[in-house]
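**Q** Here it is, the structure, as structure tokens.
The values are calculated or read from the model by the stated rules, or taken from the named source; none is laboratory data. Predicted, not measured: the structure shown is a model, and the values here were computed from it. Every residue, glycine among them, receives a Cβ derived from its backbone with ideal geometry; neighbour counts consider all protein chains shown.
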């Protein structure tokens, strides 16, 4: 990773105005070289500090309340507390994904669904690797990259240093192309060539590209692109998830069976299928999902916003 950063670095990123960002990355890099057990303990110690971000805290509280109405207030606060820990742990997990060697990373996880993993490896048809926004999203993708080459879609970051490090880090573990999210043509082209492409559709990208589909019984603006990508790219959908094991004992990379009879050509049913899969997996370990995102920002006509403006 360090060699790749130095080799491809644009000279403009060495300007003095970027030095604070580089200093932050140096500290981050050194932290994630610590033993994993130390990183786990540091996240346990530091996660209460995340309560200072009132906007994200309120967003996570609202999402948990909406999605788990049967929980008592005490249970919701306990879930929020564990979710804050997962969010703090994401700092280390993302650094592990970008900065650890493949050999060191391979000792950190086990694989479930070996038969589906082999199916991906053997496929000559394009594969859309369906993921979801768990807090350890980058780490799961890095673990997947240990087994085969794939392309990944990404959203550019406003900070040019962060964007460069993010793109370089992901290219190191995915090995394929880093496709900007708005470059649909490139994605479909790669699928038609029989390549594998990572994609996580569980974000609110606005009404122009979405329809309202239930997510935990809450109308959620859900992109219709997943079915279209599968149809136009003549690709199969094979989902994967990852989970953090208890007591800092590592991770599981779970390769799920491919979607059968997908896409159907019905936008609503295809989007619902994706939401149901994500909901099913989130329900297994909800504390590890990225609740501090505006999943329900777009509302049906006439409905009030769910997040308070600050």
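**Q** Is it the case that the range 274-293 has a residue that's in a loop (DSSP other than H, G, I, E, B), within 27 Å of residue 183 (Cα to Cα) and either modelled with pLDDT under 95 or in contact with a strand residue (DSSP E or B) (Cβ under 6 Å, 6 or more places away or on another chain) (or both)?
**A** No; the residues of the range 274-293 include none that is in a loop (DSSP other than H, G, I, E, B), within 27 Å of residue 183 (Cα to Cα) and either modelled with pLDDT under 95 or in contact with a strand residue (DSSP E or B) (Cβ under 6 Å, 6 or more places away or on another chain) (or both).
**Q** Kindly indicate the residue of the range 242-270 that is within 18 Å of the chain's Cα centre (by Cα) and over 19 Å from residue 85 (Cβ atoms) and also surrounded by the fewest Cβ atoms within 10 Å (Cβ to Cβ) among those meeting that condition.
**A** That would be 256.
**Q** Moving on. Quick check on the range 166-183: of everything there that is in contact with a strand residue (DSSP E or B) (Cβ under 9 Å, 6 or more places away or on another chain) and outside any helix (DSSP H, G or I), which residue is farthest from residue 93 (Cα to Cα)?
**A** Residue satisfying both the conditions and the ranking: 183.
**Q** How many residues, within the range 143-165, are in a loop (DSSP other than H, G, I, E, B), in contact (Cβ under 8 Å) with a residue 40 or more places away in the chain and in contact with a helix residue (DSSP H, G or I) (Cβ under 7 Å, 6 or more places away or on another chain)?
**A** Looking only at that region, the number is 3.
**Q** Take residue 95 and decide whether it is more than 25 Å from residue 201 (Cβ to Cβ) and in contact (Cβ under 8 Å) with a residue 12 or more places away in the chain.
**A** Considered against the rule, which asks whether it is more than 25 Å from residue 201 (Cβ to Cβ) and in contact (Cβ under 8 Å) with a residue 12 or more places away in the chain, residue 95 comes out as yes.
**Q** Here is a list of conditions, (1) more than 17 Å from residue 35 (Cβ to Cβ); (2) surrounded by fewer than 21 Cβ atoms within 10 Å (Cβ to Cβ); (3) in contact (Cβ under 8 Å) with a residue 40 or more places away in the chain, and residue 72 meets all of them except one; can you say which number that is?
**A** Result: residue 72 passes all but (3).
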